[in-house]
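The values are calculated or read from the model by the stated rules, or taken from the named source; none is laboratory data. The structure displayed is predicted, hence computed values, not measured ones. When we count neighbours, we look across all protein chains shown, and the Cβ atoms used for this are built from the backbone with ideal geometry, even at glycine. Ligands, DNA and RNA are excluded from the accessible area calculation, which covers all protein heavy atoms including side chains. Shrake-Rupley method; radii C 1.70, N 1.55, O 1.52, S 1.80 Å.
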Amino acid sequence: MAADESAPAAVVTAAEIARLAGVTRAAVSNWRRRHPDFPRPAAGTATSPLFALAEVQQWLDRQGKVRETSGEVDLWHELRAQYGDDLLTALGAVGAQLLGVAAEQPLTEPAAAAVTALSAQRGARALYADLVERCVASTTRSGGEPMTTLALARIVAVFSGPLGETRGASNSTVDTVYDPACGIGTLLLTAVPGAHRYGQELDPATAAIAGFRARLDGVTATVARGNSLRKDSFPDLRANLVVCEPPVGVTDWGRDDLLLDPRWELGVPPRSESELAWVQHCYAHTAPGGRALLVLPASVAYRKAGRRIRAELVRRGLLTSVVALPPGLMSSHSLPVHLWILRRPAEGASDPTHVRMIDLSTADPDGIGTKDGAPAPEQLADVPPVDILDDDVDLSPSRYVTPHHGDYPVEYAALRDRVQSLARGLLDLLPVLPAGPGRIEAAPMGLGDLVRGGLVDLDGTVPTSRTDQLDTDYLRGFLRSAANTRRSTTASGTFRLNASGAQLPQMDIGRQREYGEAFRRLAAFEELLREANAIGGRIGALAYDGLTKGALLPPPATGASPGKNESQEAQEQ
């Protein structure tokens, strides 16, 4: 099959330009500002521009900054030219080519020839692993669900520990690993050599990639397609190790159809707490003596709607540890995440005396799990259940771990870097909102009418749409208007959602989704702002303590800018 001459030209991101030239992304940003002839974006968005590869290579050549590209880089750009941002389809096509199976959108002849040549040079497994890593790292992919990063998978493997001790309990001579939302298989395939792996994934294309990776790695794996919560493909499976990075913030996860499901040992999860449904699903598939590790948003640890289930986890001794991980481990956002570690007690096991809280939120992600990166005593606390089981049942490690400032300069520098990262994240999340006419010309509709009509569910004060004609985030956003807030606030200042009085404007679903996207970004902005507030308190206390103890010094009064050093200036040249 001849190459399609009408196919779009290859494009690259700023990060990929940096790789081509061997510089940092900051240097590329400086080039764009300082050089009027730097290529203009050919596609993408204002925050994630894409540049024509040919124009970039010509500019780098004129500037004397170009480096010889590897065959993998050329193949990657060929895939980008054919598939655009649909890099999961590209990965699937490459996997099919390597294994000699049919693909829905096969590779063009140049790409297929490059895959054949590179796999002969490097081996099919190494080539595919390289392409998977590039796909995860790409900031422009649009393949649906976020993908687990390799750094996060390595950390989960560190905390999973050995599994041999649970074999007798699970009546098996073979270790078993299960991931009910396995995506492209990164968590499923990371740890436990020799184990049989079971995974399930909703998206067929993504599930196919997980299967390709397993075959190329020589791993025994069974990957089913479908929704694990709604239609469990392995209802009788009890695994030594369960790992999961579940979908986040899904309101339509099947609660109405699953009210009597036996998996809800700790209580039926609220509609707004889909992550706690996944927690119980994972626990239901854990063998006696086995472990379940879930990567969850930090907010799951303290949201009011989930406190009853969190309390049961602690009260029954099922939650062994919560690990606060450093930001930057997710492929789709920079918000902090927690790792929850659960254990199903083996027969005759003693009741646990504590929950271990580990705060690695300021740790170097690359150092976690190494000899030098083990949690220090000041980063962990063994908390008795009685100290957790209060009105909040807050499982955030930062609430229990007392900071100990052993190395003031290092910790201050790390926190200052985090503040800079938070500032960038806050600006990226805060939407640009153009001026409006001053009022919304739309007929109002009452929340009470929507609830009575069965179009909206109220779970406490959290409304959720039950129809595809009403966007949940649009609904929740408008209920936070000043008028609705006044209607729902008592004279004593207590907020109780007034369903009978709350109103929102009638809009078509397309317009609703536009508002919903803005409200979602604002909610994420507020979440990150809460972290910034906590970090601000910590860095302020650290700075005052360090300055007054002599562990830190004030900046020199020379007027020199502290923002750049010589090495940074050199990178920009």
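Six or more apart or on different chains, Cβ atoms under 6 Å: show the pairs whose first residue is in segment 117-135 and more than 15 Å from G92 (Cβ to Cβ) and whose second is exposed (fewer than 15 other Cβ atoms within 10 Å of the Cβ) and not charged (D, E, K, R).
L118/G71
May I ask you to list the residues in segment 51-78 that are modelled with pLDDT of 75 or more and out of contact with any helix residue (DSSP H, G or I) (no Cβ under 9 Å at 6 or more places or on another chain)?
Of everything in segment 51-78, those that are modelled with pLDDT of 75 or more and out of contact with any helix residue (DSSP H, G or I) (no Cβ under 9 Å at 6 or more places or on another chain) turn out to be A52, A54, E55, Q58, D61, R62, G64.
So A287 clears everything in (1) part of a helix (DSSP H, G or I); (2) more than 22 Å from L325 (Cβ to Cβ); (3) of a type in the set (A, V, I, L, M) except one condition, right? Which one?
(1)
Which of the following residues is outside any helix (DSSP H, G or I), modelled with pLDDT of 85 or more and surrounded by 14 or more Cβ atoms within 10 Å (Cβ to Cβ): D394, D428?
Result: D394 is the single residue among D394, D428 that is outside any helix (DSSP H, G or I), modelled with pLDDT of 85 or more and surrounded by 14 or more Cβ atoms within 10 Å (Cβ to Cβ).
Run down G317, G306, G290 and say which single residue is more than 19 Å from the chain's Cα centre (by Cα), open to solvent by less than 40 Å² (accessible area, probe 1.4 Å) and free of Cβ contacts under 8 Å to residues at least 60 places away in the same chain.
G306
Whether any residue in segment 98-113 is buried (at least 22 other Cβ atoms within 10 Å of the Cβ) and at pLDDT 85 or above is what I want to check.
Within segment 98-113 (the criterion being buried (at least 22 other Cβ atoms within 10 Å of the Cβ) and at pLDDT 85 or above), the answer is yes, since at least one residue qualifies.
Any idea how many residues of segment 358-389 are in contact (Cβ under 8 Å) with a residue 60 or more places away in the chain and in a helix (DSSP H, G or I)?
Looking only at that region, the number is 4.
Assuming D508 fulfils every condition listed in (1) closer than 18 Å to M445 by Cβ; (2) among the acidic types (D, E); (3) modelled with pLDDT under 85 apart from one, which condition is it?
Every condition holds for D508 apart from (3).
Which numbered condition trips up C282, out of (1) open to solvent by less than 20 Å² (accessible area, probe 1.4 Å); (2) out of contact with any helix residue (DSSP H, G or I) (no Cβ under 9 Å at 6 or more places or on another chain); (3) part of a loop (DSSP other than H, G, I, E, B)?
C282 satisfies every listed condition except (3).
Which one is least open to solvent (accessible area, probe 1.4 Å) among residues in segment 347-378 that are of a type outside the set (A, V, I, L, M) and touching a Phe, Trp or Tyr at 6+ places or on another chain (Cβ under 9 Å)?
The selected residue is D359.
One line per residue, one yes/no per condition, for (1) modelled with pLDDT under 90; (2) aliphatic (A, V, I, L, M); (3) under 21 Å from Q420 (Cβ atoms):
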{"position": "P288", "(1), (2), (3)": "no, no, no"}
{"position": "L296", "(1), (2), (3)": "no, yes, no"}
{"position": "V300", "(1), (2), (3)": "no, yes, no"}
{"position": "R303", "(1), (2), (3)": "no, no, no"}
{"position": "A311", "(1), (2), (3)": "no, yes, no"}
{"position": "R316", "(1), (2), (3)": "no, no, no"}
{"position": "V337", "(1), (2), (3)": "no, yes, yes"}
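Got at least one residue in segment 266-277 being surrounded by fewer than 22 Cβ atoms within 10 Å (Cβ to Cβ) and more than 29 Å from D471 (Cβ to Cβ)?
Within segment 266-277 (the criterion being surrounded by fewer than 22 Cβ atoms within 10 Å (Cβ to Cβ) and more than 29 Å from D471 (Cβ to Cβ)), the answer is yes, since at least one residue qualifies.
Search segment 9-37 for residues being surrounded by fewer than 17 Cβ atoms within 10 Å (Cβ to Cβ) and within 18 Å of A81 (Cβ to Cβ), and hand back the single one that is modelled with the lowest pLDDT.
Among those residues, the one meeting the criterion is A9.
Filter segment 233-258 down to the residues that are open to solvent by 40 Å² or more (accessible area, probe 1.4 Å) and of a type in the set (D, E, K, R), then identify the one that is modelled with the lowest pLDDT.
Among them, the one singled out is D252.
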